[in-house]
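**Student:** Below is one structure. I have some questions about it.
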Amino acid sequence: CPGAMEPSSSSGSSGYVVAQAPRVIDVRKLLQDGDFDSLVEAGLLVAGTDGSEAALLLRRACELRPEHENACVHRFLAQHEKDKKLQIHHAERQAHLVPNDPHSWLLLGNTLDNNGELEVALEAYKKGIQNSPGEYTNVVSACRMLQRLEREDEALRLAEEAVARGCLMHRWQRPSHLIFGLKAQAWWDVSTWRAARVLESNFKMIQEEILGLFHGGALLKHGVADTENLTAKGSWTELNLIFNAVTQAKNADLCPKTVELIEREIPEAASMIRGATKVSVLKPGTVVRPHNGPSNARMRMHLGIRVPQGAFIRVGEPEEEGN
């Protein structure tokens, strides 16, 4: 009960601790009064709990003082405005107000990307690299954008320059979440991994359950097609069973034995906050573009359920191929 007086005692003595009453924000009064500083203070205060009210307050502040220089306000509105032009406007303003903050250019690039402005987004990422050459997020985003623009050679050069500066560890390792100090290696020998032994020793059960799902049509029906434009040719469908440490209940119900096995025997996979357990279906002739997972803090293991002759996966340099 905020504001109440609570009795307390220590070493036989007694006394009272007074808790401060919670601050009450009258949004309607603030909007009517039209005081810029009060609107900004209140808007940023409630931003973490009520995005819609925060947007109302900060939008009103911008109306009162369009040329203000509060980068936090522009950053918030760039992420919460529904109008595309306003999103870009606020992202541009905050990037120019704090040009040495690499995440300002990252936000601008991502906002432009989300609105289809790919070339301009690329320039924003490059500006972030120029202003903060030792930070990796704009490098990763610029490389991703160059790949989408089918300028892979330029992406590789940019990544090689980043490796030389020490902000990437390998030219082909470009995740959005990068932990430095972890070994960068294309292929790993999993023969000693307990997780590999669990999967291999239960292979028949896993294969029967998943092929049953596939032949019955449920796998393709409930799976999701490639959402990242990574399929250069053919068709790639995925069914997430566990994603970012959360079991996907409806999908898990389709192959309960496999999910139960992972949760019981490989809890480090089931609880991996940047990991996933999924079933992938690639139709014959499918070609997937070079890409990165979201983090180098995890190991990706593939268990081939049914793999035709000639299918392969390439990781790292062109000669580092597996089948």
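**Student:** In the range 260-274, is there at least one residue being within 22 Å of residue 147 (Cβ to Cβ) and open to solvent by 50 Å² or more (accessible area, probe 1.4 Å)?
**Tutor:** Looking for residues that are within 22 Å of residue 147 (Cβ to Cβ) and open to solvent by 50 Å² or more (accessible area, probe 1.4 Å), one finds at least one in the range 260-274, hence yes.
**Student:** Can we say residue 69 is open to solvent by 50 Å² or more (accessible area, probe 1.4 Å), closer than 21 Å to residue 161 by Cα and either touching a Ser or Thr at 6+ places or on another chain (Cβ under 9 Å) or not small (Gly, Ala, Ser) (or both)?
**Tutor:** no
**Student:** For the range 173-183, how many residues meet the condition of being open to solvent by less than 60 Å² (accessible area, probe 1.4 Å) and assigned to a loop (DSSP other than H, G, I, E, B)?
**Tutor:** Going through the range 173-183 one residue at a time, the tally reaches 4.
**Student:** Search the range 97-119 for residues being open to solvent by 70 Å² or more (accessible area, probe 1.4 Å) and more than 29 Å from residue 180 (Cα to Cα), and hand back the single one that is nearest to the chain's Cα centre (by Cα).
**Tutor:** 117
**Student:** Still on this structure: Pull out all pairs, ordered by first then second residue, where Cβ-Cβ is under 6 Å, the residues are six or more apart or on different chains, the first lies in the range 209-225 and is touching a residue at least 40 places away in the same chain (Cβ under 8 Å), and the second is open to solvent by 30 Å² or more (accessible area, probe 1.4 Å).
**Tutor:** Going by the 6 Å Cβ cut-off, the qualifying pairs are 209/257; 210/305; 213/254; 223/238.
**Student:** Here's something else I'd like to know. Out of 150, 200, report the one residue that is acidic (Asp, Glu) and closer than 30 Å to residue 261 by Cβ. Don't jump to the end; show me each part of the working.
**Tutor:** Values: 150 fails: closer than 30 Å to residue 261 by Cβ.
Within the list 150, 200, the selection yields 200.
**Student:** Let me spell it out: the conditions are (1) at pLDDT below 95; (2) in contact with a helix residue (DSSP H, G or I) (Cβ under 8 Å, 6 or more places away or on another chain), and residue 113 meets all of them except one. Which number is the exception?
**Tutor:** (1)
**Student:** Does any residue in the range 107-130 that is without any contact (Cβ under 8 Å) to a residue 60 or more places away in the chain come within less than 9 Å, Cβ to Cβ, of a residue that is of a type in the set (Val, Ile, Thr) and crowded, with 23+ Cβ neighbours inside 10 Å six or more places away or on a different chain, and which pairs are these?
**Tutor:** Taking only residues 6 or more apart or on different chains, the pairs are 117/111; 121/111; 124/111; 125/139; 125/140; 128/139; 129/139.
**Student:** Do you know which of the residues in the range 26-55 that are β-branched (Val, Ile, Thr), surrounded by 10 or more Cβ atoms within 10 Å (Cβ to Cβ) and closer than 22 Å to residue 71 by Cβ is modelled with the lowest pLDDT? Write out each step before concluding.
**Tutor:** If we filter the range 26-55 for residues that are β-branched (Val, Ile, Thr), which is where we start, we get 27, 40, 46, 49.
Next cut, surrounded by 10 or more Cβ atoms within 10 Å (Cβ to Cβ) only: 27, 40, 46.
Imposing the further condition that a residue be closer than 22 Å to residue 71 by Cβ reduces the set to 40, 46.
On the way: 40: 94, 46: 88.
Top of the filtered list is 46.
**Student:** Residues in the range 131-151 that are open to solvent by 50 Å² or more (accessible area, probe 1.4 Å) and either under 20 Å from residue 315 (Cα atoms) or in contact (Cβ under 8 Å) with a residue 60 or more places away in the chain (or both): how many? Steps first, answer last, please.
**Tutor:** Going through the range 131-151, the residues open to solvent by 50 Å² or more (accessible area, probe 1.4 Å) turn out to be 133-134, 144, 148, 150-151.
Right, trim to either under 20 Å from residue 315 (Cα atoms) or in contact (Cβ under 8 Å) with a residue 60 or more places away in the chain (or both) and you get 144, 148, 150-151.
Selection size over the range 131-151: 4.
Yes/no per residue for (1) open to solvent by 60 Å² or more (accessible area, probe 1.4 Å); (2) under 22 Å from residue 262 (Cβ atoms); (3) touching a helix residue (DSSP H, G or I) at 6+ places or on another chain (Cβ under 6 Å); (4) modelled with pLDDT under 95:
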| site | (1), (2), (3), (4) |
| --- | --- |
| 206 | no, yes, yes, no |
| 209 | no, yes, yes, no |
| 212 | no, yes, no, no |
| 228 | yes, no, no, yes |
| 231 | no, no, no, yes |
| 237 | no, yes, yes, no |
| 242 | no, yes, yes, no |
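**Student:** Tell me, which strands (runs of 3 or more DSSP E) lie completely within the range 219-323 with 1 or more residues that are closer than 22 Å to residue 183 by Cα?
**Tutor:** Per the criteria, 276-282.
**Student:** Let me ask another. Please determine whether any residue of the range 184-192 is surrounded by 12 or more Cβ atoms within 10 Å (Cβ to Cβ), on the phi < 0 side of the Ramachandran plot and not in a loop (DSSP other than H, G, I, E, B).
**Tutor:** Among the residues of the range 184-192, not one is surrounded by 12 or more Cβ atoms within 10 Å (Cβ to Cβ), on the phi < 0 side of the Ramachandran plot and not in a loop (DSSP other than H, G, I, E, B), which makes the answer no.
**Student:** Based on this model, can you work out whether residue 53 counts as under 30 Å from residue 148 (Cβ atoms), in a helix (DSSP H, G or I) and touching a helix residue (DSSP H, G or I) at 6+ places or on another chain (Cβ under 9 Å)?
**Tutor:** no
The values are calculated or read from the model by the stated rules, or taken from the named source; none is laboratory data. All figures in this text were calculated on a predicted structure; none of them were measured in a lab. Positions of Cβ are backbone-derived with ideal geometry, glycine not excepted, and every protein chain shown enters the neighbour counts. All accessible areas refer to the heavy atoms of the entire protein, side chains included, with ligands and DNA or RNA removed. Shrake-Rupley method; radii C 1.70, N 1.55, O 1.52, S 1.80 Å.
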